[in-house]
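Single-structure report; data block below.
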Amino acid sequence: MKILKITSGAGILLSLLVSAGCTENHNADLRAELNNESGIANNVSALALQRETDSTHAYPYQEGDAIPALAYIEHNEVYNPESVIPPQCYTKTEGINNPCYACHQSYDAMEKRPNQMGDGTLQGNYEFSDVGLTNSWKNLFIDRTSLIAGIDDATIQKYIAQDNYAASLKTDVIPDYMRIENLSAAQKAFDSDGFAKDGSGWVSYNYKPFPSTFWPTNGSTGDAMIRLPESFQTLNGEYNQAIYTLNLSLVEMAVKELDTLTVATVDELALNLDINQDGKLTKSVTEMARSSHYVGDASAIPLAQMLYPEGTEFLHTVRYIGVDEDGNIYNAPRMKEVRYMKKHMFRSRESLASAYYAEAKDKHFEKLPQTRYLGEKGIDNGFGWTINGFIEDEQGELRAQHDQELAFCNGCHKTVGSTFDQTFSFARKVPGKAGWGYIDLRAIEDVPNISEEKGEYLTYMERVGGGDEFRQNGEMLAKWFDDKGMVKAEDLQRTKSVYDIITPSPERAYALNKAYLTIVTEQSYLFGRDATLTEATNVLSTIDAAQPPLKPEHRFKWDMRLDWQQEKPSAIAEAQ
């Protein structure tokens, strides 16, 4: 059997930087520039020396060999049976620094949430299997400063400006259901209300990035789109954008438990629907009240508390950090990953309860996590969702993720206490009409979470003791913390938007992009996708299960929904 190896020498990085997503003319220009970059060869030599995984090993590998990630995949050998435990769970907390609360939550049974994971206890206990006690995310412990030294800023800028998503459409790598024309450029892909201009039914929305892995300062930019089934988009069999808008709003009300939302102007007379439920039909209505059922051709489908209707789809791109000529940060055209979820089966609250029980039972009997693989369709998370994803190959082109790489997705989209129907971003959407449209960090303030008083990001940094889970983002520490390690609360509260809080300097953006490029070159995703610049020091290599992660006074109740002050929590939720 042929063994996949990591090729040493300047050729692989030259090929990566030249060929990915380029036109022929662009190839020639970039190749000429790279031929003059002697530092590139030095960089790759350092990479090869660091990994020592070029052509020195013959199958079978010997104990102690540095086996490449792709070798595990080639030979169908599971590298990390506990890949559902993300790298952040190995953070050194010192008993007081708590990034854990953002994911691990338990809620009062009176709320009757469909999410019955109840994993808030993980803030006080390491409930890991014996396998999980060892940190398998080896990429956290790599100092990449020498590996990126030979890549200059102009080179990485040209690389991230290339559109590898569009290239994948031309080669039919990306399946039709994940296609949006011109997705690399928001203004070309979506109209001002967020609707995809290609008629695909995808709708982009503006949301507050989840703390803190999804902050640009910690490695990536990104976006999110939702699509409802065709019956939610039509009236009497014909596409109707007003109907689609109303159904999207009803989904938002169901998930967030809201009674009303602002909507684009609706003609109730034309639709013969009392949208605001004031007992009369009006030609111009801008507020919608929650109803028991969806509208249009989906009128037979009832709203379900905190659950999406069957057939709901999400598309999420993870991108490099773009830097424009003025130093502004934006979503780069080049995509690290394209992620997809579809709710292939609606499961009631009672049905979900049985799935959570089965998960807890397996854990009690010390069974390792199981992932159901669906071939080209991706994986089944066991809670009604299909998950699929594409990632860069060694040439920078998008490829389907391997089974083991996809299993990583279940760490966040299966059994995490803070999620809403196994998802994150939509519950954090800017409410109502203002939230439909491509993500714009400059249009979002650091609003607090429900039942909190201070801004969410301010609160997070106070509880974590840094600007990332690992407390090693030096730029965030210098910018938002004083010399005693205390958060500069007043400075944070004076910011105009979250853009000013969570975007990096151009210099850090360039370095993070280069660091991730070395992971692409290695194809070492099984070892971790977090492109840390230096070796992580606030991370445990092994867990002492007898030592609680956090002292009781440093554990927190939290709801990831936000208090936008434009909308009030539902009276239904308060009653429950």
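Output the relative contact order of the chain, whole-number percent, from Cα pairs under 8 angstrom with separation of 6+ residues.
Working: 1087 pairs, mean separation 146.2, N = 576.
It comes to 25 percent, rounded to a whole number.
Please get the size of the charge dipole for the chain, origin at its Cα centre, with Cβ charges of +1 on Lys and Arg and -1 on Asp and Glu, quoted in debye to the nearest 20. Don't skip to the end; give the middle numbers.
Values: 55 positive and 83 negative charges, 115 e Å.
With only Lys, Arg, Asp and Glu charged at Cβ, the dipole is about 560 debye.
To the nearest 10 square angstrom, how much accessible area does VAL131 have with a 1.4 angstrom probe?
60
With +1 assigned to the C-beta of every Lys and Arg and -1 to the C-beta of every Asp and Glu, and no other charges, what is the dipole magnitude of segment 427-571 about the Cα centre in debye, to the nearest 20? Each step should come with its number before you reach the end.
Numbers: 20 positive and 24 negative charges, 72 e Å.
With only Lys, Arg, Asp and Glu charged at Cβ, the dipole is about 340 debye.
With every protein chain present, what accessible area does SER418 have (1.4 Å probe, heavy atoms only), rounded to the nearest 10 Å²?
About 0 Å², ignoring ligands and nucleic acids.
Checking the table LYS158/LYS488; LYS170/LYS336; LYS170/LYS197; LYS138/LYS256; LYS336/LYS414 against a 27 Å threshold on Cα-Cα, which pairs fail? Mind dumping the intermediate values first?
Numbers: LYS158/LYS488 36 Å; LYS170/LYS336 18 Å; LYS170/LYS197 18 Å; LYS138/LYS256 38 Å; LYS336/LYS414 22 Å.
Checking Cα-Cα distances, LYS158/LYS488; LYS138/LYS256 exceed 27 Å.
Aspartates and glutamates within cross-link reach of LYS343: Cα-Cα under 12 Å, excluding same-chain residues under 8 positions apart?
Counting by Cα, and skipping residues close in sequence, LYS343 has these aspartates and glutamates nearby: GLU310, GLU313, ASP380, ASP421.
Report D for segment 369-442 in µm² per second (integer): Stokes-Einstein, Kirkwood Rh on Cα pairs, 37 °C, 0.692 mPa s. Walk me through the numbers before you get to the answer.
On the way: Rh = 14.4 Å.
My calculation gives 228 µm²/s for D.
Which percent of the accessible area of the chain is formed by carbon and sulfur heavy atoms (probe 1.4 angstrom)? The partial results should precede the final answer.
Working: 12270 of 24490 Å².
Here it works out to 50 percent.
Find the all-direction average of the projected area of the Cα convex hull for segment 459-576, expressing the result in square nanometres with one decimal place. Intermediate results must be reported in sequence, preceding the final value.
Working: hull surface 47.6 nm².
The orientation-averaged projected area of the Cα hull of segment 459-576 comes to 11.9 nm².
Using a 1.4 angstrom probe on the protein heavy atoms only, could you order HIS364, HIS293 from most to least accessible area?
On the way: HIS364 135, HIS293 70 Å².
Correct descending sequence by accessible area is HIS364, HIS293.
Over the chain, with the other protein chains present, what is the accessible area per residue in square angstrom, probe 1.4 angstrom?
On the way: 24490 Å² over 576 residues.
I get 43 Å² per residue for the chain.
Taking just the C-alpha trace of the chain, give me its Rg and Dmax in Å.
23.9, 78
Cross-link candidates for LYS283: which lysines have Cα within less than 21 Å, leaving aside residues fewer than 8 places away along the same chain?
LYS433
Please report the spacing between the Cα centers of segment 76-124 and segment 520-538 in Å, no decimals.
Taking the Cα centre of each part, segment 76-124 and segment 520-538 sit 21 Å apart.
Along the charge dipole of segment 144-230, pointing to its positive end and built from +1/-1 on Cβ of Lys, Arg, Asp and Glu, which listed residue (LEU183, LEU147, TRP202) has its Cα farthest out?
LEU147
The values are calculated or read from the model by the stated rules, or taken from the named source; none is laboratory data. All of these numbers come straight from a predicted model, not from anything done at the bench. A quick note on method: Cβ atoms are made from the backbone with ideal geometry, for glycine too, and the neighbour counts reach across all protein chains shown. When the accessible area is computed, the model is the full protein with side chains, heavy atoms only, and any ligands, DNA or RNA have been set aside. Shrake-Rupley method; radii C 1.70, N 1.55, O 1.52, S 1.80 Å.
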